[in-house]
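Written out below as structure tokens is the structure these notes cover.
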Amino acid sequence: MNSTPKSIREILRSGTVYLETRQVEGARASMQAMLAHVLGKNRTWLYLHIDYCPTEQELVRLREMLRLRGQGVPLQHLLGEVEFYRRRFRSDARALIPRPETEELVELTLQLIPRQKENMCILDMGCGSGVIGISLALELHERSPSVVLADISSAALDLALENATALGARISICHTNLFSAWRVTDEEQSLAHFIPPSQFDCIVANLPYIRADERLQTEVAHDPSTALYGGGEEGLDIIYRFLAEARAYLTPDGIILLEVGHDQGELVARQMRMLGYSGVELHCDLSGAARFPTAHA
């Protein structure tokens, strides 16, 4: 970009070409989103003012975002937010960027939990930015659920708390390595700021499940490694350990729901049956991949 004023039309065209040469997926959509963000407008405004020439100060910000996007920095990190289940959540390098399939996990959870039950206890294990638990807390607010967001990463929990505060969700947070926080001594519990419920009506989890040798897209590599790699040959060590512990923390009629890799559903469902879970089912995402195993205690 030179010093000659350029219109939105020209900027969108040149910026899209720049990103395409760097093999950025969705180059034009990225360019639209970044330009709208810099101008403090929406995409509709851009096309209604296609001949508007942004100021040099606005272009300086745009150039930096364009450079980083060309290097593979996720669009969500550059914008500082992500849309999830009709709401906008803060998004940055502290936690995994929510995937579209995870919205399907929220929808499935709302379909399968008891419809009339009040004051349910819900656990979002490995909550990351909190999108699952916060979405459930907001969707079910009239039934006064007690929602706990748990994660091994204190940075992720900070982000989840920021999101809950911004969206007005009533939740509690718990810093824990899977269920380690539930196994502390009485003395340690007396010093804790928050003692989690001992049993839950619903446990939902989107835990790390990527194999160590799996090749990741450039953008995914910007997510925290602790939120990606599940360990073991199949990438399922953390999920298997979670399942071995979780059943003890479900109410007798409690339900557990997971999101796993597109080719891992059968393996996880089999493990659930081996561990004594009942009513094991495998649900598909919109693309037909069986990636949502569910079961009862």
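The values are calculated or read from the model by the stated rules, or taken from the named source; none is laboratory data. Predicted, not measured: the structure shown is a model, and the values here were computed from it. Note that we place each Cβ from the backbone using ideal geometry, even for glycine, and neighbour counts take in every protein chain shown.
A few notes on this one:
- Looking across the stretch 4-45, the residues that are in contact (Cβ under 8 Å) with a residue 12 or more places away in the chain and of a type in the set (S, T, N, Q) come down to 7, 14, 16, 30, 32.
- Candidate set: the stretch 83-102, residues that are of a type in the set (Gly, Ala, Ser) and crowded, with 20+ Cβ neighbours inside 10 Å; chosen: the one farthest from residue 20 (Cα to Cα): 95
- Cβ-Cβ contacts under 6 Å between residues 6 or more apart (or on different chains), taken from a first residue in the stretch 224-240 that is farther than 14 Å from residue 205 by Cβ to a second residue that is of a type in the set (D, E, K, R) and modelled with pLDDT under 85, are listed as 235/211.
- Pick from the stretch 128-151, criterion in a loop (DSSP other than H, G, I, E, B) and surrounded by 16 or more Cβ atoms within 10 Å (Cβ to Cβ), ranking: farthest from the chain's Cα centre (by Cα): 145
- Among residues of the stretch 12-41, those that are in contact with a helix residue (DSSP H, G or I) (Cβ under 6 Å, 6 or more places away or on another chain) and of a type outside the set (A, V, I, L, M), counted: 8
- Residue satisfying condition, being touching a residue at least 60 places away in the same chain (Cβ under 8 Å), of a type outside the set (Ser, Thr, Tyr) and surrounded by 13 or more Cβ atoms within 10 Å (Cβ to Cβ), within set 275, 243, 267, 257: 257
- Number of the exception - residue 114 against (1) part of a loop (DSSP other than H, G, I, E, B); (2) at pLDDT 95 or above: (2)
- Applying the set (1) without any contact (Cβ under 8 Å) to a residue 60 or more places away in the chain; (2) under 18 Å from residue 115 (Cα atoms) to residue 133 leaves exactly one unmet item: (1).
- Of note, residue 73 does not satisfy the criterion of being farther than 23 Å from residue 128 by Cα and β-branched (Val, Ile, Thr).
- Qualifying residue in the stretch 65-82 (condition: of a type in the set (Lys, Arg), loosely packed, with under 15 Cβ neighbours inside 10 Å and modelled with pLDDT under 95): no
- Summed over the stretch 86-98, residues that are within 12 Å of residue 130 (Cα to Cα) and part of a loop (DSSP other than H, G, I, E, B) total 6.
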